[in-house]
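Asks: Can you read through this structure? Questions will come right after.
Derivation of every value follows stated rules applied to the coordinates shown; laboratory data play no part. Bear in mind that the values here come from a model prediction, so they are computed numbers and not experimental data. Here Cβ is always computed from backbone atoms with ideal geometry, including for glycine, and neighbour counts include all displayed protein chains.
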Amino acid sequence: MAPDLTPSNAGTVSKADATSMPPGWTDTYAEMGGDEEWGSVNGTGAHTSVALGLGKATPLLGRKLGEGGVLYFFAGDAKPGNIYFWEPDMGEVFRVTEPGDVDGIKKLIAAGKFKEIKREEVDGASSEQKEVRLEAFFRAEGLLE
C-alpha cells in the first residue's frame, strides 16, 4: 500500500494509516518542523531531499523532540512510492525497502523493532551535482531569476 502523501486540513501529513501512533512519534507537520524544516528551500529537510535528487520532500513520520535524537521518515516527489529515513544529526538518508508503507513502519516502531526496518543508503551526489539540483529547484520555485 502506497502512503497517502496528501496534507490534511488539520495540519498533519497523513491520517490514512490505521495503526496508532507509536509513543514519542508524530505525523503532525508542525511537530516535525513544519514550514521551517520542510516548506522552505532553506529548511534542512527540503534541502537534503533536493540535493540527493529525491525531489520536494513530504514528511510522513517523525520522532518528537525530547524523545531522543531527531529522526524522520519522508517521501520525495521525484520517486513516488519510496519512503526515506533521515537522521539529521548524522546527515544520513536511507531508502526504506521493507516495510513499504507508513503503517508497517509504525507497527515495527511500536513493537520496539526499529532495527527490523530494512533500508539502504541513498547514494550521495557530488557537491557539483547537488548545486545543479538545488539551483534547478530554486528556479522552479521562483526563487532565482
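Asks: How large is ³J(HN,Hα) for each residue in segment 96-113, as worked out from phi by the Karplus curve 6.51 cos²θ - 1.76 cosθ + 1.60 (θ = phi - 60°), to whole Hz, x for Gly and Pro?
Replies: Result, rounded to whole Hz: 6, 9, 6, x, x, 8, 5, 4, x, 5, 4, 4, 5, 4, 4, 7, x, 10.
Asks: I would also like to ask the following. Under a Cβ-Cβ cut-off of 11 Å, what is the net charge of the residues other than Val93 that fall near it, where Lys and Arg count +1 and Asp and Glu count -1?
Replies: -3
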